[in-house]
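Colleague: This is the structure I have questions about; it appears just below.
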Amino acid sequence: MHTETTKRGLRRILDPARAEGKRIAFVPTMGFLHEGHLQLVDHAKRHGDLVVMSIFVNPLQFGPTEDLATYPRDFKRDSAIAQQRGVDVLFAPPADDIYELGRPAITVVANEFGRKLEGHFRPGHFEGVLTVVAKLFNIVQPAVAVFGQKDFQQCVLVKRMCADLDFPCEIMIVPTVREPDGLALSSRNVYLGVKERQSAVQLSRALRTARERYAQGERDPRKLVEAARAVLAADPAIQLQYVELVDPLTLNTPEAARDDSVISLAARIGGTRLIDNMLMGDA
Ligand code: AMP
């Protein structure tokens, strides 16, 4: 595995590979790798000849009161795991290599889409995400990029950015990887204390409850959301921020739930903010 810490160094490796006709598959991450990230790598290996993973904790997507300073980092461990799983090139730049001129004057803004769901609670978050993804796509120039369904709105917005701004990159989405009890894997799970970890499992339980009601024939989005809300309300340690059932293209609530509708939520448990979502039609 090659490790590169600058855009210039990375281009020196990738330009000849691309010229030889190699298909670059890209997996962007913020590191502190877990099995969720690694399944993106597996997927990338199946769809490309050269797998590039980035590890970059992007300051631009964190709000002033968010966890940028404490975001978990362990580069040595990440590097070993990435190599073991078959990453060909690891790109781990410092912030001043990515943002050479400081805070960018020109950014990618998602307008209305960026203010729904997560965007309402994390103003500016998707501007930071889309700006860094656009930059990374220009640096890596991948044929395909792989993202996790875990960050559902991010998937929707990145796909839409590629369509609206004509990035020549195919976006592939991998299902959420979960602990045996249902908790979605997340680098932020390390923040959870023992009690909080027990509460965290209720997030996936709530989503599953809504999905079960859908499987039984319920199609009213309000009733499905209510079913999830009831599970969450039973645990006082869970401070729910939102739970919504939305169409995956418009992010609006449909008249009636369908197999491709997504129920999505965010909650705080102690000092940790967690997100999760499920598709109604998934068994
Ligand atoms: P992050 O490092 O949290 O920014 O995540 C990097 C990529 O991994 C994103 O595309 C995430 O959606 C994806 N990811 C994070 N957690 C999971 C998970 N539990 N299952 C699948 N993909 C995930």
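Colleague: For region 20-35, indicate whether the set of residues that are within 15 Å of the ligand (Cβ to nearest atom), assigned to a helix (DSSP H, G or I) and touching a residue at least 40 places away in the same chain (Cβ under 8 Å) is non-empty. Walk me through how you get there before you give the answer.
Modeller: Taking region 20-35 first, the residues within 15 Å of the ligand (Cβ to nearest atom) are 25-35.
Filter once more, keeping what is assigned to a helix (DSSP H, G or I): 35.
Still in the list and also touching a residue at least 40 places away in the same chain (Cβ under 8 Å): 35.
Scanning region 20-35, I find at least one residue that is within 15 Å of the ligand (Cβ to nearest atom), assigned to a helix (DSSP H, G or I) and touching a residue at least 40 places away in the same chain (Cβ under 8 Å), so the answer is yes.
Colleague: Only residues that are out of contact with any Phe, Trp or Tyr (no Cβ under 6 Å at 6 or more places or on another chain) and surrounded by 24 or more Cβ atoms within 10 Å (Cβ to Cβ): list them for region 133-155, please.
Modeller: In the first step, residues of region 133-155 are kept if they are out of contact with any Phe, Trp or Tyr (no Cβ under 6 Å at 6 or more places or on another chain); the result is 133-136, 138-139, 141, 143-144, 146-154.
Matches in region 133-155: Val133, Val146, Phe152, Gln153.
Colleague: Quick check on my filter: what residues within region 79-112 are without any contact (Cβ under 8 Å) to a residue 12 or more places away in the chain and within 30 Å of Thr250 (Cα to Cα)?
Modeller: Residues of region 79-112 without any contact (Cβ under 8 Å) to a residue 12 or more places away in the chain: 80, 84, 96, 100-102, 105-106, 111-112.
Within region 79-112, Ala105, Ile106, Asn111, Glu112 meet the criteria.
Colleague: Looking for something more than 15 Å from the ligand (Cβ to nearest atom) and crowded, with 17+ Cβ neighbours inside 10 Å - is there at least one such residue anywhere in region 163-173? Even if it seems obvious, please write down each step before you answer.
Modeller: To start, the set of residues in region 163-173 that are more than 15 Å from the ligand (Cβ to nearest atom) comprises 163-168.
Subset that is crowded, with 17+ Cβ neighbours inside 10 Å: 167.
So far as region 163-173 goes, yes, one or more of its residues are more than 15 Å from the ligand (Cβ to nearest atom) and crowded, with 17+ Cβ neighbours inside 10 Å.
Colleague: Against the condition away from the ligand (no atom under 12 Å from the Cβ), surrounded by 18 or more Cβ atoms within 10 Å (Cβ to Cβ) and hydroxyl-bearing (Ser, Thr, Tyr), how does Thr107 come out, does it pass? Full working, then the answer.
Modeller: Numbers: away from the ligand (no atom under 12 Å from the Cβ): yes; surrounded by 18 or more Cβ atoms within 10 Å (Cβ to Cβ): no; hydroxyl-bearing (Ser, Thr, Tyr): yes.
No: the conditions fail for Thr107.
Colleague: Condition (residue is part of a loop (DSSP other than H, G, I, E, B), over 28 Å from Phe113 (Cβ atoms), among the small types (Gly, Ala, Ser) and without any contact (Cβ under 8 Å) to a residue 12 or more places away in the chain) applied to region 232-254: is it met by at least one residue?
Modeller: Step one: of region 232-254, the residues part of a loop (DSSP other than H, G, I, E, B) are 234-237, 247-254.
Going one step further and asking which of them are over 28 Å from Phe113 (Cβ atoms), we end up with 234-237.
When the remaining residues are screened for being among the small types (Gly, Ala, Ser), the result is 234, 237.
The next check asks that each one be without any contact (Cβ under 8 Å) to a residue 12 or more places away in the chain; those that pass are none.
Scanning region 232-254, I find no residue that is part of a loop (DSSP other than H, G, I, E, B), over 28 Å from Phe113 (Cβ atoms), among the small types (Gly, Ala, Ser) and without any contact (Cβ under 8 Å) to a residue 12 or more places away in the chain, so the answer is no.
Colleague: Does region 56-74 contain any residue that is farther than 14 Å from Ser187 by Cα, within 11 Å of the ligand (Cβ to nearest atom) and at pLDDT 95 or above?
Modeller: yes
The values are calculated or read from the model by the stated rules, or taken from the named source; none is laboratory data. Fair warning: this is a prediction, and the values are worked out from it, not measured in the lab. A quick note on method: Cβ atoms are made from the backbone with ideal geometry, for glycine too, and the neighbour counts reach across all protein chains shown.
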